[in-house]
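The values are calculated or read from the model by the stated rules, or taken from the named source; none is laboratory data. Since the model is a prediction, treat every value here as computed from it, not as a measurement. Quick reminder, even Gly has a Cβ in these numbers, built from the backbone with ideal geometry, and neighbours come from all protein chains shown. What goes into the accessible areas is simple: the full protein's heavy atoms, side chains included, and nothing from ligands, DNA or RNA. Shrake-Rupley method; radii C 1.70, N 1.55, O 1.52, S 1.80 Å.
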Amino acid sequence: MAAQEDEDTVMGEAGPHNPGPAPLQHLNGGTPGHINGGSDPSLAPPLMGPSMKLPVQTATAMQNPQPPAGVDNGGVSPTKSLPKSLDSGELNTDDYPKTDSLEEGSDWSDTEGANTTWGLPLTQLPSGLCYDVQMRYHCEVRPTTDVHPEDPRRIYYIFKELCRAGLVDDPESSRPLVTRPLQRISARNATEEEISLVHTPDHYAFVESTKDMSDDELIDLERTRDSIYFNKLTFASSLLSVGGAIETCLAVATRKVKNAIAVIRPPGHHAEDDKTMGFCLFNNVSVAARVCQRQLGESCRKILILDWDVHHGNGIQKAFYDNPNILYISLHVYNDGKYYPGGVEGDWDHCGAGAGLGRNVNIPWPSQGMGDGDYMYAFQQVVMPIAQEFNPDLVIVASGFDAAAGDELGGCFVTPSCYAHMTHLLMTLANGKVAVCLEGGYNLRSISKSALAVTKTLMGEPPDRLHSTAPSISAIETVRRVIMIQSRFWSSMYPKAPQDEGLWTDRLHDVIRAYQTKQLYENYKLTSLYIYRTAISKSFENQVLATPNYYQRNPLLVIFHDPPEIKGLPHPITNKLEAHNCWLADAMKDYIGWAVGKGYAVIDVNIPKHVTLEPSGKYEEEEDNRPTATEELAGYLWDNYIEPNDATEIFFLGIGNAFYGVANLLINRDTLYKRVNGVVSFVAENPVRAVASHTQVWLSRWYKDNSLVFVSHAHGVWNTDDNRRKPSKRYGHLIQSSKSGLSEMLVNHKDEVFRWIEERADDQEGESEEEKPRRTTIKAAEAFPKPN
Ligand SMILES: [Zn+2]
């Protein structure tokens with residue numbers, strides 16, 4: 001119910017921009033409609049009423065009809081912004097004098113006038129800057145020649161960069177070059193009460209105690225803690241850093257400034273309720289968020305904290321893990337939990353708990369080296385859709401610049417213009433209320449340039465053009481996985497992940513092999529060959545099939561292939577692959593049918609990409625030991641079912657990566673090739689295998705003369721002139737196919753392959769004409785009685 005009223009109100013606010021009477025009905029409590037975001041009941045727990053933020057701004061604008069003067073007075077003050085009666089979700093027109101005219105309001109152009117007459121009130125507000133030189137006083141007691149990366153000069157360099165760009169009115173160093181320079185926001189000491197909104201009393205007492213310690217005690221203390229140093233002024237600097245963040249966020253949230261940047265240190269996002277770590281003592285951003293919520297009530301209920309520091313902000317995540325009104329989104333290097341701060345907390349499956357479930361979004365990069373294309377992709381695919389759906393009242397950026405190009409600790413390549421674009425996107429949220437608070441970032445030049453780009457964007461300058469926008473494969477994989485996980489919580493996230501993993505029983509490749517087995521038996525009487533060796537049998541049960549004449553005196557075709565290709569069109573919304581929308585491309589059966597029709601024997605070996613041990617709905621990578629297992633199986637088959645028998649000619653056909661087994665067999669068994677009359681291989685994406693040996697120099701010559709190797713026209717092997725003109729003979733007789741996929745190639749070249757094999761088989765026949773009658777041409781279905 002509450003959510004519905006919320007939607008109505010949002011619709012109502014849109015009224016003045018809409019040339020039609022419809023929106024007015026919504027203000028009257030008319031037709032409920034759904035507008036993206038703000039409608040999740042979990043965002044409005046019983047303690048707080050529904051969001052009424054938007055009409056408040058309309059009302060405020062009407063009450064203060066002379067901006068910018070009205071805004072300079074402090075804009076939305078907490079009491080004005082939330083009329084008490086709105087907590088109940090009821091619209092009380094007494095709190096909205098001007099709303100009356102809207103309601104009476106057939107004359108909507110009156111309302112339009114109210115919003116357009118006074119120009120651009122928000123644009124004319126200055127952006128804010130918080131900087132205090134005293135935050136440089138936290139430094140190492142006895143600096144060594146190696147300057148600590150959390151260098152006090154960090155904030156000074158950023159400040160100087162902003163001055164040099166003419167954005168600051170600083171009597172000591174620079175006159176502004178812009179008409180509306182940054183408005184200075186004074187840092188102040190945060191109070192113990194404020195800090196206690198996030199940290200334990202013991203933690204506060206501990207940090208405070210450092211101010212009275214001797215230098216030696218401070219150095220000793222450093223050794224007992226995780227990545228932190230102290231001096232006598234650490235506590236003082238930390239209070240100012242938190243206070244600076246608070247004042248900056250308050251100034252933005254109450255519209256004293258349009259938006260702001262806080263150039264503060266020591267940083268805070270690693271600090272947990274009860275511990276200092278990673279250069280952080282108090283969690284600046286978390287304390288500021290809590291203070292804003294407490295002081296501003298409903299007008300600042302929902303806060304997005306966006307953390308683009310290269311490290312995961314474990315402290316922020318912990319502070320708000322079960323809080324439905326703080327959405328924490330972090331982009332960070334994760335590297336399987338090995339990158340600082342380490343552990344599993346930064347992984348993508350940490351999505352919040354209790355009422356805060358779904359309000360924690362981790363985008364964990366698998367490695368360093370990420371760049372603009374990756375960050376923009378994550379912003380466009382995940383960050384912005386979720387942020388818009390959450391619809392915050394305030395955006396706080398935990399702004400480490402250690403993913404910046406040039407930062408050795410971070411090892412990433414985010415350029416200043418990418419930071420500008422991310423800022424620009426965030427400015428579309430919360431009516432532009434964005435407070436950027438410095439966190440990490442250790443290359444003085446990189447952080448200065450990045451902070452300058454962010455600040456210019458906040459002030460209204462369009463971001464510079466981006467030079468690289470293509471995401472890396474690892475970014476696409478990461479983002480895709482995050483979307484799947486977050487799709488449970490956000491209606492804007494598609495496709496949805498499959499639910500209920502326990503339901504999934506049979507892996508499709510097992511189902512398909514069982515089907516193939518049945519078909520090959522019914523049509524050609526192929527049956528399973530028993531694989532005796534235990535190490536192999538488990539993996540290849542049902543994977544090796546043979547015609548009844550496999551041991552007799554006739555040509556034998558041994559096929560090693562990958563499982564057949566499947567084409568599926570997942571449902572665009574649910575992401576479900578459904579049976580009626582999946583197809584199998586089993587071109588192999590044509591080859592088997594042809595061979596059987598010719599009276600040849602066939603051994604058909606399917607090499608699964610993953611061996612099913614127990615049912616699970618989990619995604620599985622191709623197994624690393626597959627090539628070794630394939631080679632082992634090939635050797636076993638050769639020794640037990642091929643070499644000892646009477647086949648007149650032997651042909652190998654290798655399709656896809658399964659050919660690996662054949663190639664290694666030829667290389668590793670000295671005389672094997674003398675029994676083989678031809679090798680045909682199809683290669684689409686896997687490497688083209690060389691068949692060569694140091695001990696048998698003639699092997700590659702033999703291979704060249706006795707093979708057909710069809711390679712996809714798109715394969716990298718064709719990128720070198722040598723391979724196009726005169727490829728090395730160790731790759732066999734290379735043929736560039738006009739097709740690209742394995743199935744396409746198999747279909748396209750089958751007549752060529754049949755002819756080639758026939759010619760070679762017939763050659764041999766000519767030499768031993770008397771053996772010909774012994775070849776048994778079976779019409780498979782008649783060869784053996786069907787089982788009952
Ligand atoms: Zn960092």
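Structure notes:
- Of all residues in segment 666-679 being in a helix (DSSP H, G or I) and open to solvent by less than 10 Å² (accessible area, probe 1.4 Å), the one that is modelled with the lowest pLDDT: L672
- Residue match in segment 689-703 (condition: under 19 Å from L556 (Cα atoms), over 38 Å from the mean Cα position of the chain (by Cα), in contact (Cβ under 8 Å) with a residue 60 or more places away in the chain and crowded, with 21+ Cβ neighbours inside 10 Å): no
- The residues in segment 446-472 that are hydrophobic (A, V, I, L, M, F, W, C) and either within 15 Å of the ligand (Cβ to nearest atom) or in a loop (DSSP other than H, G, I, E, B) (or both) can be counted, and the count is 4.
- Candidate set: segment 298-308, residues that are within 19 Å of G400 (Cα to Cα) and over 16 Å from the mean Cα position of the chain (by Cα); chosen: the one nearest to the ligand (Cβ to nearest atom): I305
- No other residue among I396, I386 is part of a strand (DSSP E or B) and either within 16 Å of the ligand (Cβ to nearest atom) or open to solvent by less than 10 Å² (accessible area, probe 1.4 Å) (or both) apart from I396.
- Matching residues, segment 319-340, being modelled with pLDDT of 95 or more, over 16 Å from S474 (Cβ atoms) and within 13 Å of the ligand (Cβ to nearest atom): S330
- Selection count where residues are closer than 14 Å to S399 by Cβ, in a helix (DSSP H, G or I) and either outside the structural domain of A236 (by TED's automatic domain parsing) or away from the ligand (no atom under 15 Å from the Cβ) (or both), scope segment 246-285: 3
- Scanning segment 230-245 for residues that are open to solvent by less than 10 Å² (accessible area, probe 1.4 Å) and not in a helix (DSSP H, G or I) yields a single hit, F230.
- Filtered residues of segment 409-440 (kept if within 16 Å of the ligand (Cβ to nearest atom) and outside any helix (DSSP H, G or I)): L409, G410, G411, C412, F413, V414, V436, C437, L438, E439, G440
- The one condition in (1) touching a Pro at 6+ places or on another chain (Cβ under 7 Å); (2) within 16 Å of the ligand (Cβ to nearest atom); (3) open to solvent by 30 Å² or more (accessible area, probe 1.4 Å) that A355 fails to fulfil: (2)
- Number of the exception - L182 against (1) under 20 Å from T457 (Cβ atoms); (2) open to solvent by 20 Å² or more (accessible area, probe 1.4 Å); (3) not hydroxyl-bearing (S, T, Y): (2)
- Count of residues meeting criterion [assigned to a helix (DSSP H, G or I), open to solvent by 10 Å² or more (accessible area, probe 1.4 Å) and touching a residue at least 60 places away in the same chain (Cβ under 8 Å)] in segment 217-229: 1
- Any pair with Cβ under 6 angstrom, 6 or more apart, that starts in segment 671-683 at a residue that is in the same structural domain as S740 (by TED's automatic domain parsing) and ends at one that is open to solvent by 30 Å² or more (accessible area, probe 1.4 Å) and in a helix (DSSP H, G or I): Y673/W702; N677/R760; G678/R760
- Hey, A288 assigned by TED's automatic domain parsing to the domain that holds S399, buried (at least 24 other Cβ atoms within 10 Å of the Cβ) and within 29 Å of V454 (Cβ to Cβ) or not: yes
- M422 being hydrophobic (A, V, I, L, M, F, W, C), buried (at least 24 other Cβ atoms within 10 Å of the Cβ), touching a residue at least 60 places away in the same chain (Cβ under 8 Å) and out of contact with any Ser or Thr (no Cβ under 7 Å at 6 or more places or on another chain): yes
- Against the numbered list (1) within 16 Å of the ligand (Cβ to nearest atom); (2) at pLDDT 95 or above; (3) open to solvent by 40 Å² or more (accessible area, probe 1.4 Å), N443 comes up short only at (2).
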